[in-house]
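The values are calculated or read from the model by the stated rules, or taken from the named source; none is laboratory data. Because the structure is a prediction, the values reported are computed rather than measured. Here the Cβ positions follow ideal geometry from the backbone for every residue, glycine too, while neighbour counts run over all protein chains shown. Areas reflect the complete protein model, heavy atoms only, side chains present, ligands, DNA and RNA absent. Shrake-Rupley method; radii C 1.70, N 1.55, O 1.52, S 1.80 Å.
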Amino acid sequence: PFRRAQKRPVTLAVDFEPGLKPASWYTGHVYANHYRWDNTFDKESVTKVQAKLDIPHWKMNAELGYALLSGNIYYDTLGLARQNTRPLSVLSASLQKNFVFGDLVHLDNRALLQFSSNEEVLPLPRLALNLRYYIEFPVQKYPDSQENVMTMQIGVDGLWNTRWYSPSWNPNLGVFYNQNKILYNNGPVFDAFVNIQWKRACIFVKLENAAMGWPLEKADYFTANHYTYTQRVIRFGLFWPFYKQATRNNSVGGR
């Protein structure tokens, strides 16, 4: 429908995925220091239906998904492996819209809305947001060319979600298990970053958890029950793929 964007067509994709798989052997048989059990679980049934709409001209995409689970394995509040005997439904919807002003200012926004029919088996935050605001500009161009030698991004990445019963971590079993005592909102968390694309090398500097829980009255940014998010810290990174650039062989001619 966009005559000015004929090379970027609107895409609508629908995916249907039924699945039936046996339970993992490690969920049925455990011999640890503090846990020991031998369970016989039935097969897990997972049926998924997902639709995705992508509109590149508007820099927007939306997804709608539904999953029906039956016999799924989970770990209860005691850290014991259980099999859900009732069908469980999960409905999710996400929307991503990116704004660009003058090829300099970028405002990337993504929202996720999700519902679980049984929070005791599968707790989920109702709403989650991921906001990434940055400026992007070329630092150096090749002589007599519009191709960039170096491009830089400077911005902030933010995460936030509504209050939910964030799962606990069991280091003895190496799994997450449900808890129903403490509600966490896991945020907001802000990371300030500088990204540099220098030819094929990617360099970044990031100040993780720059706000340390602001604007909350207390630093309520737990990633799991009793496990806090990373404290304010500076991280450096470098990604440099080494490969031979493909070139055209002009000495070979075709007829």
Checklist entry - With every protein chain present, what accessible area does Asp15 have (1.4 Å probe, heavy atoms only), rounded to the nearest 10 Å²? => result 80 Å²
Item to check | the range 54-84-the range 86-113 distance, computed between alpha-carbon centres (Å) | outcome: 16 Å
Checklist entry - Under the classification rounded if a/c is under 1.5, otherwise prolate if a/b is larger than b/c and oblate if not, where does the chain fall, given a ≥ b ≥ c as square roots of the Cα gyration tensor eigenvalues? => result prolate
Next on the checklist: As a test of reading the structure, rank Glu147, Glu217 by solvent-accessible area (1.4 Å probe, protein chains only), most first.
Outcome noted: Glu217, Glu147
Checklist entry - Accessible area, 1.4 Å probe, largest first: how do Glu120, Glu136 sort? => result Glu120, Glu136
Checklist outcome for this item: Mean separation of Cα contacts under 8 Å (at least 6 apart) over the residue count of the range 52-125, i.e. the relative contact order in percent, is 27 percent
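Using a 1.4 Å probe on the protein chains only, how many percent of the accessible area of the chain belongs to carbon and sulfur?
58 percent
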Item to check | Accessible surface of Leu78 - all protein chains present, 1.4 Å probe, nearest 10 Å² | outcome: 120 Å²
Next on the checklist: Rounded to whole Å, give me the distance from the Cα center of the range 167-246 to that of the range 133-166.
Outcome noted: 17 Å
Checklist entry - For Lys43, which aspartates and glutamates qualify as cross-link partners when the Cα separation must be under 17 Å and same-chain residues fewer than eight apart are set aside? => result Glu17
Item to check | Cross-link reach list, aspartates and glutamates versus Lys59, counting only Cα pairs under 17 Å and skipping chain neighbours closer than eight places | outcome: Asp103, Asp108, Glu136
Item to check | Dipole of the range 1-156, positive end: most advanced residue of Leu53, Tyr133, Phe115 [Cβ charges, Cα centre] | outcome: Leu53
Next on the checklist: Given Cβ point charges of +1 (Lys, Arg) and -1 (Asp, Glu) and nothing else, what value in debye, to the nearest 20, does the dipole of the chain about its Cα centre take?
Outcome noted: 860 debye
Checklist entry - Are any of the pairs Lys97/Lys206; Lys21/Lys206; Lys48/Lys199 more than 31 Å apart by Cα-Cα distance, and if so, which? => result Lys21/Lys206; Lys48/Lys199
Checklist entry - Residue separation times 0.36 nm, minus the C-alpha to C-alpha distance between Phe16 and Met60: what's the value? => result 13.6 nm
Checklist outcome for this item: With every protein chain kept in place and a 1.4 Å probe, the chain has an accessible area per residue in Å² of 69 Å²
Next on the checklist: Testing the spin-label approximation: label points 7 Å from Cα along Cα→Cβ at Gln50 and Tyr26. State their distance in nm.
Outcome noted: 2.3 nm
Checklist entry - Accessible area of Glu119, 1.4 Å probe, to the nearest 10 Å²? => result 80 Å²
Checklist entry - Using a 1.4 angstrom probe with every protein chain in place, what is the largest-first accessible-area order of His106, His34? => result His34, His106
Item to check | Anisotropy class of the range 104-150 from Cα gyration tensor, a/c 1.5 cut | outcome: prolate
Item to check | Rel. contact order, % - alpha carbon contacts under 8 angstrom, at least six apart, the chain | outcome: 11 percent
